[in-house]
Structure formats: C-alpha cells, structure tokens
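Here the structure is laid out as structure tokens; the discussion comes afterwards.
Values quoted throughout were computed directly from the atomic coordinates according to the rules given, and no laboratory measurement underlies them. These figures come from a predicted structure and were not determined experimentally. All Cβ positions, even for glycine, are placed from backbone atoms using ideal geometry, and neighbour counts span all protein chains on display.
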C-alpha cells in the first residue's frame, strides 16, 4: 500500500495484519463442534489477558472472569437455558418454529469449559470518568473484553459460543454473584472439530448477511457518501462469509 | 506448543497469532495523536467490513455506519461534548478535578474522520432469535462490531478514540437518526504520530490496570481456581501495558 509522504507507518507487517483479519472473518459462534480436550492453562491465561486488555470507560475494567468446569454447575445453567429456550421457541410458529426447534443454540455441556464474563456496575465508584452521560458504558466495555477473547481464541484454534438465551437473575443466583455484578456473557469454550465456513444461522437459512454498502451513510442518516471510490470499494469487497 | 494427540489444529501460524495479540495489546483509545492524513477508501472499506463481521444475536446485524467528515457536523458534535464534559467535570473536585480538566478526552475536530456506529433496535422484527431473555443483546452485538473495527484499525496503523462523554439524544438529533436507531459509539479515526505505550489514563495517573489474577474466579464468585498451574500462569504473565 502506498504511504502518503512523511506519515509514520504504524501498520503491522502483512502476516500479522492477515492474522487480525483472519480472526475477524473466521471467528464463529460455536455450538455444535466442541471437542472435550481441555484448554492448557498457559493458553487460557493468554485468552483472559486478551480480554483484560480491552478498552474500558474511565479505565474502570469492570469485568471478572468465572471459569466453570464443574459438571454440576453447568447442568444447573443448562436447565436455565432449557426453560428460557422453551419460552423463546413459542414466539416462532409454523415453518419458522420448526426450523427454530432444529437449531442447536448452545454447547454448555459439550464444551470442556464455560466462562462467565461479568460487569461490576459499582467498580470505580460513583463518578467514573466518561460514564457520566451514558451509564451503560460499563456494560459496553465488558462487551469489548468479550470480543478480544473471542478473537484471540480463534487465533489459538479455540471455539467460543455466547449463550444469550438465559435468565441473568437465575444465572447470577447459581454463580453467587453480588448484587452489583451483572453476568454479561455466558460463553462456552473449547477446541473444535472444525470452524464452519459461514455463520450457523446463515447456513441453516434463518437469516443472511446484509449488504454492507447499504449500511454505510454519509454525514447523517441516509446521506450519500462523499467518496464514490469508497462506494465502489464497499460494493466490490470480495465475498466473505 | 505441543498438541494433544489427534485433535485437529485450527490455530493460526505464529506470525498471524502474534498479529492478533499485538492488535489487542497495542490498541489505544486515541485522543491527542491524530494526524490530518485522510484514510484511503480501500482501507476504510476493510475496517467497515471488519465491523460488519462481528457476531450478532440472531444474526440481526443491527449496526449502521455514519461517516462524518463534514467540519460543520463535527463542530456541532463537539459542542455537545463540551456541554456534557463541563457537567461531568463538576463531579470531580480538588486535585482530582484539576487532573480531570487537564485530560484530553476526545479528538473530534483533530481527527480527519468521525464514525458513528448505531444500533437499530427494531432490526429483524419483534422476535429476534436469542434476544428473548436479554433485550440489550442488540447493543452488545454492536459493541462487538466496534471492537472488530478498533483492532483492525490498529493493524492498519490507524488510531481510534471512543467519545463517551456525549448526550445520545442530542447526537441522534444532529445525525437525523430515526427513533429506533441508537447512536452507540461515536468514534474518532485517523493515522497517528504514535501509539502510546500504555493507556492515557494510566499514564496520567488517573487509574491503573488491575491485577488480572484477582479478577479470575472458579466455579462461582470468589471460588478458588481448580488449577494451580493456571493461577501461576496468571500471576506470572509478562507485564504488559
């Protein structure tokens, strides 16, 4: 790539940049491909460190990491999922309902490790820098930690699945969380037989990827882009999955 | 790294894995180091594509991307920041208040491009798969898109800063967002003179990184870890910034 004159080049070398884009494009929300092999402690430590290096509002670092390998705890969490999912399934009827019931939506018991990433809403005290206008920024920061871990895991060959069909109050109860701590993400982790070549829901015909070019606006909602070159670049991106 | 026998190895080659961890550890929340050089359209397209490949609940892809280079729009947004920041500053008194007022907390006008990543809370209709239990999962998905973009930008040598001191209703008004669309992240993007070697707030003495080992629990809150090897691995991680 040509560099404008004089600008310092802080870009990564090609292979490292490829690694970042591969992690982003080949990451999957894994439910059905888990293998029982345990994750070595030094690998797990790297993943947790990656999560811990997410940005956070006011550097509040509101996260904690609960590593759940106990079969008994996972079975209790799985029962929460089952109850919630039965309720959720009722919202989908006819052909869509049949498809919904065929989808595998979690790997709580098959994955060797579950990880709950929590958000302590009281960390850093009453006045956290940057959290004055939008109090949910602590939850948002914790999401960024989830994505760091998810991408690092992909680079290590480890699959991650986020179980969002779960009652947070019941989950907090099972894990003994203090009142100020919210169980933001319940994740299943493990090595996998394979990473699917496209998202499971696209594959199953539930919903497809939206065209990116239609989601990019100019200086306001639905405003055209200033740059025709960018429009062309967005429309001609190589198809990915 | 030794591989357990027979398990397929989906890990990335060393240089690609290094790229992922470098992006995670060398990413910064940039406020003061922006250069005016424009971001080439093909690079910007890659960043937006990275964001668009985030995981989303029910594959709902609730995000839109507003590219703001208009000086006039940026000035209006900057005024929202100034009002909000004046209010936020009042929460910090004495030495802390003096330090707060010295911190640079945004680069709205100095960066060549602002990007608002929004969340359309109505996308995918009333019953989005996986959103039954926790309605905020659409916001969480949008956060994951932010982090994808942030890491890809680091690999491209581009700095990103998230301006969280902003009134979302006023921002939505300036950008002409429909009622269902929430302006989740207001980002400043641009090439930089340098990436700081540690987070700006740590450097300024505002708040330091927490010890990771104290944030990792076993099968419930404050439960010990099963694996002493993991505890050791967490305590002996190389110091990073």
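With R₀ set to 22 Å, the beta-carbon distance separating residue B:109 from residue A:9 gives a calculated FRET efficiency near 0.35. Helix-only arithmetic for chain A: the sum of -39500 (n - 2.57) across DSSP H runs with n ≥ 4, divided by the residue total, places the mean residue ellipticity at 222 nm at -11500 deg cm²/dmol. Computed from label points 7 Å out along Cα-Cβ, the spacing between residue A:229 and residue B:221 is 5.4 nm. With both labels modelled 7 Å from their Cα along Cα-to-Cβ, the residue A:95 to residue B:42 distance reads 4.2 nm. For peptide A:74-82, the mean count of partner chain Cβ atoms within 10 Å of a residue's Cβ comes to 0.
Sequence-distant contacts, meaning Cα pairs under 8 Å at least 6 residues apart, place the relative contact order of region B:99-167 at 35 percent. For residue A:135, the distances from its label point to the matching points in the remaining copies are 1.6 nm, ordered from shortest, with each point set 7 Å beyond Cα toward Cβ. Could you work out how far helix B:137-155 tilts from the main Cα principal axis of chain B, as a 0 to 90 degree angle to the nearest 10? Roughly 80 degrees between the two axes.
When A:227, A:193 are arranged by Cβ crowding within 10 Å, least crowded first, meaning fewest neighbours, the order is A:193, A:227. Exposure proxy ranking for B:53, A:92, based on other Cβ atoms within 10 angstrom of each Cβ and starting from the fewest, stands as A:92, B:53.
Between identical copies, the spacing of residue B:96 label points, each set 7 Å from Cα toward the C-beta atom, reads 4.9 nm from nearest to farthest. Residues of region B:106-123 falling in the label zone of residue B:32, defined by backbone nitrogen less than 16 Å from a point 7 Å along Cα to beta-carbon, are B:106-111. Shielding value for B:33-42 is 4, the average number of Cβ atoms from other chains within 10 Å of each residue's Cβ. Sorted ascending by nearby beta carbons within 10 Å, beginning with the fewest, A:127, A:217 become A:127, A:217. Spin-label pair residue A:208-residue A:79: with each label point 7 Å from Cα along the Cα-Cβ axis, the two points sit 4.3 nm from one another. Temperature 4 °C, viscosity 1.567 mPa s: under these conditions the Stokes-Einstein estimate for chain B, based on its Kirkwood radius over C-alpha pairs, is 63 µm² per second. Dividing the Cα radius of gyration of the protein assembly as shown by its Kirkwood radius returns 0.94 for Rg/Rh.
Counts of other chain beta carbons within 10 angstrom of each beta carbon in peptide B:203-214 average 3.
The other copies place their residue B:222 label points at 5.5 nm from this one, listed shortest first, where each point is 7 Å from Cα along Cα→Cβ. For chain B, take the longest principal axis of its alpha carbons; what is the angle in degrees between that and the long axis of helix B:41-52, to the nearest 10 within 0 to 90? Result, in degrees: 60. Computed on chain A, with alpha-carbon pairs under 8 angstrom and 6+ residues apart, the relative contact order is 29 percent.
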